[in-house]
Amino acid sequence: MANNIVLSTLISAISFNEIKKRLIQLYPNQKKCIEGYKHVYCKLLCLKSKKSKLKLIIETIKDEDGDYVDVSGKEGKQIYAIEFTPWAEWLGMRIDVKTLKLFSKVDIVCHALWEMTFVGWEEEDVSGFMKEMQKRVKEVKSGKAKLIPFDEVFNKK
């Protein structure tokens, strides 16, 4: 069965008050950040979605440290981290059928908002963080970065 529900459809169908209430239940430590989420929600309502090849996948992962929710993108059998994906592309991602069965629509929106704002409340923050990471990787690969051995980091007092 094909699924054509995209994230933008869910976001536009759910009020921020519903999202706020559920977001605080899912992520209690984010209560102090609720205005940031509201800001992003409003931006997303005005943003034109871009078709994405990725499906939005949300899964509960069982781990020895406890269960957690993982948000990722999937194309074919390949899974991708998507926290640095442009927001317009997030909006155009189809929601995976299994995700729709396991999570409520408001939970899908809340988990997506949490993931897409992981490094900031503005899309420019996200792209800036990504550029900085790419710069650091390039420095490491070129040998220009000063690296500290793992043992040395944890043996310093």
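Every condition in (1) farther than 15 Å from Ile11 by Cβ; (2) not in a loop (DSSP other than H, G, I, E, B); (3) not charged (D, E, K, R) holds for Ile82 except the one numbered (2). Scanning region 24-40 for residues that are part of a helix (DSSP H, G or I) and touching a helix residue (DSSP H, G or I) at 6+ places or on another chain (Cβ under 7 Å) yields a total of 8.
Taking the criterion of being in a helix (DSSP H, G or I), of a type in the set (A, V, I, L, M) and surrounded by fewer than 18 Cβ atoms within 10 Å (Cβ to Cβ), the only residue of region 1-14 that qualifies is Ala13. For region 134-150, the condition holds for at least one residue, the condition being that it is among the hydroxyl-bearing types (Ser, Thr, Tyr) and either surrounded by fewer than 13 Cβ atoms within 10 Å (Cβ to Cβ) or modelled with pLDDT under 95 (or both). Residue check: is Lys55 among the charged types (D, E, K, R), surrounded by 14 or more Cβ atoms within 10 Å (Cβ to Cβ) and more than 16 Å from Val119 (Cα to Cα)? So Lys55 fits the description; yes. Looking only at residues in region 71-89 that are under 14 Å from Ala112 (Cβ atoms) and of a type in the set (S, T, N, Q), the one that is surrounded by the most Cβ atoms within 10 Å (Cβ to Cβ) is Thr85. Among the residues in region 15-23, are any assigned by TED's automatic domain parsing to the domain that holds Leu91, under 18 Å from the mean Cα position of the chain (by Cα), closer than 21 Å to Trp90 by Cα and in a loop (DSSP other than H, G, I, E, B)? So far as region 15-23 goes, no, none of its residues is assigned by TED's automatic domain parsing to the domain that holds Leu91, under 18 Å from the mean Cα position of the chain (by Cα), closer than 21 Å to Trp90 by Cα and in a loop (DSSP other than H, G, I, E, B).
Here the condition is being under 17 Å from Leu44 (Cβ atoms), crowded, with 19+ Cβ neighbours inside 10 Å, of a type outside the set (Ser, Thr, Tyr) and outside the structural domain of Ser15 (by TED's automatic domain parsing); of Val109, Val126, it holds for Val126 alone.
Among the numbered conditions (1) touching a strand residue (DSSP E or B) at 6+ places or on another chain (Cβ under 6 Å); (2) at pLDDT 95 or above, the only one that Ile61 does not meet is (2). Return yes or no: is Lys43 part of a helix (DSSP H, G or I) and closer than 26 Å to Lys131 by Cα? So Lys43 passes the test.
Considering region 90-106, and only residues there that are part of a loop (DSSP other than H, G, I, E, B) and out of contact with any Gly (no Cβ under 7 Å at 6 or more places or on another chain), the residue that is surrounded by the most Cβ atoms within 10 Å (Cβ to Cβ) turns out to be Asp96.
The values are calculated or read from the model by the stated rules, or taken from the named source; none is laboratory data. Since we're looking at a predicted model, the values are computed, not measured. Every residue, glycine among them, receives a Cβ derived from its backbone with ideal geometry; neighbour counts consider all protein chains shown.
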